[in-house]
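The values are calculated or read from the model by the stated rules, or taken from the named source; none is laboratory data. Model, not experiment: these values are computed from the prediction. Cβ placement follows ideal geometry from the backbone for every residue including glycine, while neighbour counts extend to all protein chains displayed.
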Amino acid sequence: MKILAITLVVQSPDPQTGAQVSTRERFGQVVAAAEFAEELGFDGFGVGERHERPFLSSAPTVLLSHIAARTSRLRLFTAVTTLSLLDPVRAFEDYATLDHLSDGRLELIIGKGNGSAQRDLFAVSPEDQWARNAESYEVFRSLWRSQPVTADTTFRPPLRDAEVWPRPFQQPVRVWHGSATSRESVDLAARYGDPLYSANVTNPIEPYAELVAYYRDRWSAYGHDPAALTVGAGTAGLSIAPTSQEARRAFAPSFEGYLQAQARLGVEPVFPTLEDFVERSSALVGSPAEVIDKVHRYHERLGHSVIHVPAEGRPTAPAEHRASLELFADEVAPILRRDLPDPPQWGPVNPTHDEVTEGAAAESLASA
């Protein structure tokens, strides 16, 4: 099993002190979290993409480029790239550049995104966001694989023998499809033979397991090799301590933040008590043995070979979350790697060395 740490780069006041760090300091915390994840031996680090408060993750390519320069081994994930909001040509340019800057460590998790503020900002409606996501992905995918590209598009000007630079380092890049509530993203992943990443954080396991089962069905229906099927899954929180009691005590501020967020939204919490949250959500809260057992139980339902944990524990105290990550790396991760399978593919995907081609193109332009 491969293990990621992921952040959405939330900027919000500390629920106990009311203090809020500056944007500059907050970005510094994220970079430090990525460096710590690499130090602990995690396999990847992910940055979300959101275009509304309280998130600072509107430019994941910029942030991941900086993290690429400060790390050397981590696979770098987007979680998720909101292609329904983006021009796929511009997205390709950004990510192809990041692919080179990271020496082919880039992986994308794409999705339509959520939140009405984001949709309003980019003039995307709930009715067309799935179609936008699919169209943007198909254009992005075509540009990455071969050029020139011709495409009759609906949500951006059509492409006619379009060439877009730079050519990427990996050929192709691995694109995961984020899955939370709908079959549209699941079917898109299965159609193209791409891996699926289950959000697995908001509800109990049942709806996520149903979507993963649907993915497996569609994968077979599209004629793909069953051995190549890959599923990743998230976790709703992390708090590991020598005893269950210590872990729950440390996680209590995070659960209180969850209740407050649900109250602001005016909805009943899916998990009304801390005990229910620990029992029925995907959160990894408990002793190392309890956490290992829970991941195994989820694997029985989801069959996932990649898992992520929160890179940051807000509003849990940073020192306590770092201690959880250390305990996870020391006592949990080795067992998961031993007992559960790795994904069929990992690492750079068929790196291309196109400098010769680019150099020839540059010479041709110079002599024209």
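Quick one: is ARG50 in contact with an Asp or Glu (Cβ under 9 Å, 6 or more places away or on another chain) and not hydrophobic (A, V, I, L, M, F, W, C)? It is false that ARG50 is in contact with an Asp or Glu (Cβ under 9 Å, 6 or more places away or on another chain) and not hydrophobic (A, V, I, L, M, F, W, C). With a requirement of 3 or more residues that are under 28 Å from ASP94 (Cα atoms), more than 23 Å from the chain's Cα centre (by Cα) and of a type in the set (A, V, I, L, M), none of the helices (runs of 4 or more DSSP H) lying completely within region 168-281 satisfies it. If the condition is being touching a strand residue (DSSP E or B) at 6+ places or on another chain (Cβ under 7 Å), more than 12 Å from ALA236 (Cα to Cα) and β-branched (Val, Ile, Thr), then region 264-294 contributes only VAL291. Residues in region 189-219 that are closer than 22 Å to GLU138 by Cβ and small (Gly, Ala, Ser): ALA189, ALA190, GLY193. Scanning region 316-327 for residues that are touching a Ser or Thr at 6+ places or on another chain (Cβ under 6 Å) and either assigned to a loop (DSSP other than H, G, I, E, B) or at positive phi (or both) gives a single hit, THR316.
Checked against (1) more than 28 Å from LEU229 (Cβ to Cβ); (2) surrounded by 14 or more Cβ atoms within 10 Å (Cβ to Cβ); (3) touching a residue at least 40 places away in the same chain (Cβ under 8 Å), GLN171 passes all but a single condition, namely (1). Checked against (1) more than 22 Å from LEU86 (Cα to Cα); (2) more than 13 Å from the chain's Cα centre (by Cα); (3) surrounded by 15 or more Cβ atoms within 10 Å (Cβ to Cβ), VAL21 passes all but condition (3). Tell me, which residue of region 282-292 that is of a type outside the set (A, V, I, L, M, F, W, C) and assigned to a helix (DSSP H, G or I) is nearest to ILE335 (Cα to Cα)? Among those residues, the one meeting the criterion is PRO288.
Let's see how each residue does on (1) of a type in the set (A, V, I, L, M, F, W, C); (2) buried (at least 17 other Cβ atoms within 10 Å of the Cβ):
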{"residue": "TYR222", "(1), (2)": "no, no"}
{"residue": "SER239", "(1), (2)": "no, yes"}
{"residue": "THR243", "(1), (2)": "no, no"}
{"residue": "PRO253", "(1), (2)": "no, yes"}
{"residue": "ALA261", "(1), (2)": "yes, no"}
{"residue": "GLU268", "(1), (2)": "no, no"}
{"residue": "GLU275", "(1), (2)": "no, no"}
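Looking at GLU138, is it surrounded by fewer than 22 Cβ atoms within 10 Å (Cβ to Cβ), out of contact with any Cys (no Cβ under 8 Å at 6 or more places or on another chain) and closer than 20 Å to ARG191 by Cβ? So GLU138 fits the description; yes.
Is it the case that region 110-126 has a residue that's of a type in the set (D, E, K, R), surrounded by fewer than 23 Cβ atoms within 10 Å (Cβ to Cβ) and at pLDDT 95 or above? No: zero hits. State all residues of region 67-109 that are under 16 Å from PRO351 (Cβ atoms), buried (at least 23 other Cβ atoms within 10 Å of the Cβ) and in contact with a Ser or Thr (Cβ under 6 Å, 6 or more places away or on another chain); if no residue qualifies, say none. Residues satisfying the conditions are LEU76, LEU98.
You will find that of ALA91, ALA117, the residue that is hydrophobic (A, V, I, L, M, F, W, C) and farther than 23 Å from ALA162 by Cα is ALA117 and no other. Note on region 335-361: residues that are surrounded by 13 or more Cβ atoms within 10 Å (Cβ to Cβ), charged (D, E, K, R) and at pLDDT 85 or above total 2.
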